[in-house]
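Take a look at the structure set out below.
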């Protein structure tokens, strides 16, 4: 009997990986991560106190890695539905470049690392909020809501709305009304943003069996709900100025942006049922990205100017 | 008795390139982590450190 038996390694599980570092980076959903970094940064700068800039950079990095980790966990769980949707079929897991087990391990390790780093080096409230956000996105949204209810992105949108609250908590060690309003802006922005996408990608979602609003309640109902959310979002966007947290400059910019959002949503509401090109829905989707970026940029600019004036006056 | 020659897995060029890319990324990430914790330790606990010889 031989001491070393000959073993044929032909099982797919033992196949040597061809995944590059770029494939693992793609698991972090870099485009979503960039939005998370930006909104968390605004929350961090808008806070009334300041921290060491290097600690602030570490906080942003930890929040970004945590968001990326939740993206990896999402791609691990959703590989089956990603494979049948044109928008997601080329992602690393459905395309076979990264195995589901590798994506899961990657997501779990990065989740633990980002939360522990934020807790040890910044503060434990922001770490707890980051841990909750990862849990909310990976478990509550991805594993439960997404395949179960057309309200999936309404409730699940909370995960994407937490970064400015985490940024604020990283500096102040607390959660206050100002950061809750930043949360609300993203929370109310999420449904019209994703429903605009779901309108012109309804077939994709239908094929994957995801109960998005247009597939469940119909296009007319979705268009009405988009418009209703736009009517709520526009005044909430102006709320930071109304409550006296920011200057009139922000108030004017956010009001114009809000009117634009309502206008684009109105065009979607008026879209005829026979319209299959759905240009108004595509236009609203594009505008919604601009809206979120611009309103947070206005908040950031306001905070920077206020700090500069305070330093000049000191 | 066992054969003198063991059967090894031969990596393809693509697999070797991918492994090198992953190794570099892991190395850079670990290096960044060391720098981050080193710098952050000085920022957070620098004032507890003795200035002169003990």
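Working value for region A:1-174: equivalent-ellipsoid semi-axes of 34, 20, 13 Å, each the square root of 5 times a Cα gyration tensor eigenvalue, largest first.
Find the Rg to Rh ratio for chain A, where Rh is the Kirkwood radius over alpha-carbon pairs and Rg uses the same atoms. Here Rg/Rh amounts to 1.04.
Label separation (residue A:232 vs residue A:95): 3.8 nm, computed from points 7 Å beyond Cα along the C-beta direction. Arranged from fewest to most other beta-carbon atoms within 10 Å of their beta carbon, B:42, A:200 become B:42, A:200. When all alpha carbon pairs of region A:90-241 are counted in 10 Å bins from zero, the resulting P(r) reads 11, 30, 33, 21, 4 %. Helical runs assigned H by DSSP (4 residues or longer) give the protein assembly as shown a calculated mean residue ellipticity at 222 nm of -23500 deg cm²/dmol, each run adding -39500 (n - 2.57) before division by the residue total. With neighbour counts taken as other beta-carbon atoms within 10 Å, the residues A:195, A:124, A:76 rank, fewest first, as A:124, A:76, A:195. The order of B:14, A:91, B:22, going from fewest to most other C-beta atoms within 10 Å of their C-beta, is B:14, B:22, A:91.
With all pairs of separate Cα atoms included, region A:176-314 yields a Kirkwood hydrodynamic radius of 16.0 Å. Working from label points 7 Å from Cα in the Cα-to-Cβ sense, the residue B:45 to residue A:207 distance is 5.5 nm.
Laboratory data are not the source of any read-out in this text; all were calculated from the coordinates shown. Since the structure is predicted, the reported quantities are computational estimates derived from the model, not experimental observations. A quick note on method: Cβ atoms are made from the backbone with ideal geometry, for glycine too, and the neighbour counts reach across all protein chains shown.
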